[in-house]
Ligand code: G3I
């Protein structure tokens, strides 16, 4: 069971394996905040708190110091995806990706690899010929194996865990798996094969399945089916990644809780891998007003995020952290970005909006949301051990 609050607080002053470098070790930078760091608060509760970043956030001294201080692990937002590492067949390009590993090692952080196989940001040649036709199963499997072996061999011993397969489950209620080039060329067992190739290339690295909305009722049964298939095929899965791209008012805390509680019974560690809370409107159920907002790309908070919205965002982060922290099975919570200037939500679902979903603003200043998360990390209680099987016990 996760350590209780009073013990957690007393441990904050103790040396931590994830202890952040002091600002004195980062010459030329100023401390962006004086509140306790996420990484220390998380470590004291047995949860690794991380962020996805891009290269520029490691070269800017202010953001680099902030990331090193606050987070226990980093994920490359784009630079470890297949099109970044092997855009041209047989020609691996690791220069940018290596910078994340060097940065993490310099700051005593772990690296999460993202991702070995995804339908997006993958080179066409992996699974299709020049006319867009699926390659033969043999050729596609060879390409997949060569990619995974090339990447895992390069990073061996320096990456904590990999999102092996990303977003393979279909949103379409009539489909189990998403219709992708990998599926068309190889068949449904392409996911098992990807895990097999990864395990043979590196027996020690952690291997995860990662997807969005698998906490939601419409997709969770398919996730459970997939996890069972992997188990039946003998795959040693080290964690289930739940992305956590949530909105201000949706899904409800009760829905998130229900989803997590069922996934927690599977017996694998759970990770919230891409957390953000979008405060801008989305089209849901075809509402005319919101559709118009989306189409026109209206920026509700282009000129600033008002105090009442800051408060709402903070309350929502507190709410989702309170739910997540109930589950000792959740071993990592990674934000997808950390500052409003760098979030993908400035370009999704409408390009070029001024969004405000993260705990730090565009000047890398902490927002009230950050305080709310700190508060939740200090005060949220874990569920009793009796109702929560220990992570990984049913593997
Ligand atoms: O690199 C080009 C650049 O050369 C070009 O000038 C520019 C013009 O738009 O585009 C750049 O590529 C962009 C790329 O990010 C790197 O910045 C792409 O347009 C853009 O689509 C791409 O978006 C990424 C997205 O994945 C792609 O689907 C986001 O940064 C990245 O945060 C996002 O991450 C995904 C996770 O991997 C999986 N889960 C969902 C999550 C959010 O979409």
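Observations, loosely collected:
- Of the residues 220, 39, 378, the one with the fewest other Cβ atoms within 10 Å heads the list, and the complete ranking is 378, 220, 39.
- Gyration tensor verdict on the stretch 76-225 (Cα atoms; rounded if a/c is under 1.5, prolate if a/b is larger than b/c, oblate otherwise): oblate
- Residue order, fewest to most beta carbons within 10 Å, for 225, 219: 225, 219
- Shape category assigned to the stretch 120-201 from the gyration tensor of Cα positions, a/c cut at 1.5: oblate
- What separates the Cα centres of the stretch 298-361 and the stretch 39-79 is a distance of 16 Å.
- Relative contact order of the stretch 122-249, pairs being alpha-carbon contacts under 8 Å that are 6 or more residues apart, as %: 27
- Taking a ≥ b ≥ c as the square roots of the eigenvalues of the alpha-carbon gyration tensor, the stretch 166-278 is classed prolate because a/c is 1.5 or more and a/b outweighs b/c.
Bear in mind that the values in this text are calculations on the coordinates, not laboratory data. Predicted model, so just to flag it, every value in this text is computed and none were measured. A quick note on method: Cβ atoms are made from the backbone with ideal geometry, for glycine too, and the neighbour counts reach across all protein chains shown.
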